Every structure is written in structure tokens, then in C-alpha cells.
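Below you'll find the structure, written out as C-alpha cells, and then a few comments.
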Amino acid sequence: MTTTKYRTADVDGLKVFYRESGSPDAPKLLLLHGFPSASHMFRDLIPRLADRFHIIAPDLPGFGNSDVPEHGCTFERIAETIDRFTEIVGFDRYAVYVFDYGAPTGFRLAVKHPDRITAIVSQNGNAYEEGLSDGWNPIRAYWQDASVANREALRAFLKPEATIWQYTHGVSDATAVSPDGYSLDNFYLARPGADQPQLDLFGDYKSNVALYPVFQKYFRTHKPPFLAVWGKNDPFFLPAGAEAFKRDIPDAVVRFFDTGHFALETHAAEIATAIRDFLH
């Protein structure tokens, strides 16, 4: 059995926590989590892949056990930090698994360094307007009018019950979802000062949507091996967003699972099998 190590890297003065497993000689796989989680969301996936891959899963800046950037959180800053992080840990060529916020982070890395990306696995990681559901409407309102009232309205997404809902919505049997994941996420969100970076990122997500044409051009130009593994009942990222990848990467493989946003909570084994078959 391969052991997971828990490490911290100094990235230009910023502490980035990460999980590492697998042989350093194996093909490299970078796992990038989303909101409001951290690398612990991969706790069931990593052991199922570590015999085949050298896996590194960082906590994004501002999340989990990583530091919050001194000058605030933006997706561009997060991507710059993770880009530098990959160089520090020796990930010169790697496949990347992206989820939620991890998608615009990973896609930025791919656009900047297309030669470093060997394949992409997207689990509810969007890059198309049609993939955004009406669940984004309160956040869209903040993009259009960055008023105090619109910002404060987004605090609803930071409440404990909202996190639990994200984990359980669209899941046929809620008893299959361990409370460990959402309880840890709620612990992180409840820390003093944790709210402001998250509200900042809600506002800055419009920068990701603005980059969708850039991401799509990268897909069309480089056509990386691409696997979408999608919880089809996701309340935020619709199945249409998964299907859209095939428009720019005709050979993309798209697989849907009967679950919600945090698909690994219920389908880690099935998604691991899909990844093993795809990244053969």
C-alpha cells in the first residue's frame, strides 16, 4: 500500500500545504480542488491511483492549510502560485485533474505552459458559458454591481448548511456522503478572516468567464487528451458544460455519474477506474 505524505512548500514566502503519494518515477498527476474544499477532497481518490501515478494535491492559496496571499485572493494570483509550486516540487510534465475552482487554475497553467500538460481530467470543472446554471445568479449580480449589499448577500454560500447542501444535493442516497468532508470545509470557512478571501473570489470569478474563449482556443489548438467525469446533478455546473468540451476537442471522453457537485464523495471508485482506463 502506498503511503500519503503531508508536506508544506515555501512558494516565494507563501506556505502551500500538499499531499503526495506514489513513486517519483511514475507519471505525474496534479490534483486541484475547488470551493469550499481543500486537498482532503481527494482522500478517497489518491489511494486508488497512487500505484500508477506520482500524485501531488495542494491546498490552493487561501484554502485548507495553505496561507492566504498577503495582497488578497484572485484566480490569477492563485494560478501564479500553483505554477511556481509545480516548479518547486519538480512537476515539469504532468496530467492535471481539475474540479470547480481548480479548473480555471489548471486551465491557466495549460494556456501558459501547453508543453507541460500531458492530459486533463475535469470533474465538474467548467470552461463554457452554457455550463453555468442559474445557481450563479446571485454571484452574477455581484459581478454586475459590486455593491456592499450584493457582496453581503453572498455570505449565504459560506453558511454551514450551504456547504452540506453542496455535498448532498443531487445525491440519491445522502447517507452515502460522509460528514467528514463538509464538516472540515465548514471548519475552514469558520476561521477568523476566512470570509473575505472567499467573497473576493466570488467577485473575481468573472475573470474566469472572461478567459473562457482563451481556454477554448487552447483546447482547439493543442487538443490535449481530455476526460470529463461529471456529476450530472450538479446545481452549479450543468452537463452541457461537460459536453461542450467535445466541440473543441472532438476526441474528448465525457462520462456522467448519477451524483452531485462533489462526485468523489459517492463515486471515487468509479472515477478512479475511468482515470486509470483513460491515462493508460
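The values are calculated or read from the model by the stated rules, or taken from the named source; none is laboratory data. Everything numeric in this text was worked out from a predicted model, so none of it was measured. Every residue, glycine among them, receives a Cβ derived from its backbone with ideal geometry; neighbour counts consider all protein chains shown.
For Lys232, the conditions (1) crowded, with 16+ Cβ neighbours inside 10 Å; (2) among the basic types (Lys, Arg); (3) farther than 24 Å from Gln166 by Cα all hold with the exception of (3). Six or more apart or on different chains, Cβ under 8 Å: which pairs go from a residue in region 65-78 that's more than 16 Å from Gly203 (Cβ to Cβ) to one that's at pLDDT 95 or above and of a type in the set (S, T, N, Q)? Could you list them? Cβ pairs passing all conditions: Asn65/Thr8. When the residues of region 197-243 are filtered to those that are among the hydrophobic types (A, V, I, L, M, F, W, C) and touching an Asp or Glu at 6+ places or on another chain (Cβ under 6 Å), the one that is farthest from Gln144 (Cα to Cα) is Phe219.
Considering region 116-139, the residues that are in contact (Cβ under 8 Å) with a residue 12 or more places away in the chain and either in a helix (DSSP H, G or I) or of a type in the set (Asp, Glu) (or both) include one that is farthest from Asp258 (Cα to Cα), namely Arg116. Quick test for you: out of Tyr182, Tyr205, Tyr188, pick the one residue that is part of a helix (DSSP H, G or I), buried (at least 18 other Cβ atoms within 10 Å of the Cβ), free of Cβ contacts under 8 Å to residues at least 40 places away in the same chain and hydroxyl-bearing (Ser, Thr, Tyr). Going through Tyr182, Tyr205, Tyr188 in turn, the sole match is Tyr182.
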